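Beneath this line is the structure, given in structure tokens, with notes to follow.
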Amino acid sequence: RSRCSGGGERAPEVAVPPKKRIPPPAPWKKRTKAASADPKAKKVPAVQSLPADKQRVLAAWFRDHFINPYASADDKARLARSAGLTVKQVSDWLTNARSRVWRPFMANVCAGL
């Protein structure tokens, strides 16, 4: 006997379908052609390189400090002002230059010892 039914009658049994759990799309999966063809889909902006005159300012500092190419916060601020860039752009450029130029060079030097 159910406490909720109030009397002796039973509620009729109704088959309730189980809820479907739809998993969210995995972020590492590539988008299908149909999804990328959607005109409302956000496009990833193309990465643009810095102008040559601004790169020269950063490259000059990098050459002058090749033994220790880690700029202090003051150096980054000074480079940003002189090149007309943000501190973040300077920091990113130096990080890329260290990984693309300095680390491979130092790996070759150390391998030759």
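The values are calculated or read from the model by the stated rules, or taken from the named source; none is laboratory data. Computed from a predicted model, the values in this text were never measured in an experiment. Positions of Cβ are generated from backbone atoms using ideal geometry, with glycine treated the same way; all protein chains shown enter the neighbour counts.
Here are some notes:
- Residue count for the range 16-60, restricted to those that are of a type in the set (Gly, Ala, Ser) and modelled with pLDDT under 70: 6.
- One residue stands out in the range 93-113 among those that are of a type in the set (A, V, I, L, M) and part of a helix (DSSP H, G or I): the one that is surrounded by the most Cβ atoms within 10 Å (Cβ to Cβ), namely Leu94.
- Scanning the range 42-82 for residues being assigned to a helix (DSSP H, G or I) and among the small types (Gly, Ala, Ser) gives a total of 7.
- Residues that are without any contact (Cβ under 8 Å) to a residue 24 or more places away in the chain, within 13 Å of Val57 (Cα to Cα) and either surrounded by 15 or more Cβ atoms within 10 Å (Cβ to Cβ) or under 20 Å from the mean Cα position of the chain (by Cα) (or both), drawn from the range 79-92: Leu79, Ala80
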